[in-house]
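To keep things clear, I will list the structure first and then write my remarks on it.
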Amino acid sequence: LRRAPDDPTAVTAVAAVVAGLRDGLSVAEVAHGAGLSERQLHRRSLAAFGYGPKTLARVLRFRRALRLVRGGVPPASAAAGAGYADQAHLSREVRALAGVQLSVLLSEG
């Protein structure tokens, strides 16, 4: 998670952070696995992604749910499969991250 985008170790570290968060690991677990403190991970995530690791985890979970729904999975099942507490939780996250309701988002693309 260094600033140099061509640095192979930075690319590997970014991939490891994304993979860990996508797999549902906590920010603390991802930081520990990367050999960083949570604060260091946050600072480096800001530089690499433009936001912190917790927001990245939310975005990755949102994308996973959206893929499921677009693949024909009912929204309640997609919410559960992506790690949301329930369909209402998914709906709130869609509104917070995309600014529109899930139905509108699906009709657009």
Regarding the chain, what are the three Cα extents along the principal axes, ordered largest first, in Å?
40, 25, 21
What chymotrypsin sites (Phe, Trp or Tyr not before Pro) does region 14-109 have in DSSP loop regions with at most 15 other beta carbons within 10 Å?
Tyr51
Picking from Val73, Val59, Val17, which is most flexible by a Gaussian network model of the chain using Cα springs under 10 Å?
Val73
Any DSSP H helix in the chain with Cα axial reach of 30 Å or more and mean Kyte-Doolittle score of at least 0.5? Listed by number, the hits are none
Dipole in debye (nearest 20) - the chain, about Cα centre, beta carbon charges: Lys, Arg +1; Asp, Glu -1
160 debye
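Among rounded, prolate and oblate, which fits region 16-78 when a ≥ b ≥ c are the square roots of the eigenvalues of its C-alpha gyration tensor, a/c under 1.5 means rounded, and a/b larger than b/c means prolate? Mind dumping the intermediate values first?
Values: a/c = 3.47, a/b = 2.31, b/c = 1.50.
Here region 16-78 falls in the prolate category.
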Accessible surface, per residue, of the chain when the full set of protein chains is kept, probe 1.4 Å, Å²:
60 Å²
Extending each Cα 7 Å along its Cβ direction at Gln101 and Ala15, get the distance between those two points in nm, one decimal.
4.1 nm
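Roughly how many percent of the accessible protein surface of region 1-100 is carbon and sulfur, given a 1.4 Å probe and a whole-percent answer? Mind showing how you got there, number by number?
On the way: 3160 of 5900 Å².
Carbon with sulfur: 53 percent of the solvent-accessible area.
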Just want to confirm a number: the relative contact order over region 17-109, from Cα pairs under 8 angstrom separated by 6+ residues, in percent.
17 percent
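The values are calculated or read from the model by the stated rules, or taken from the named source; none is laboratory data. Just so we're clear, the structure is a prediction, and the values are computed from it rather than from any experiment. Using ideal geometry, Cβ is built from the backbone for each residue, glycine included, and neighbour counts are taken over all protein chains shown. Just the protein is used for accessible areas: all its heavy atoms, side chains included, with ligands, DNA and RNA removed. Shrake-Rupley method; radii C 1.70, N 1.55, O 1.52, S 1.80 Å.
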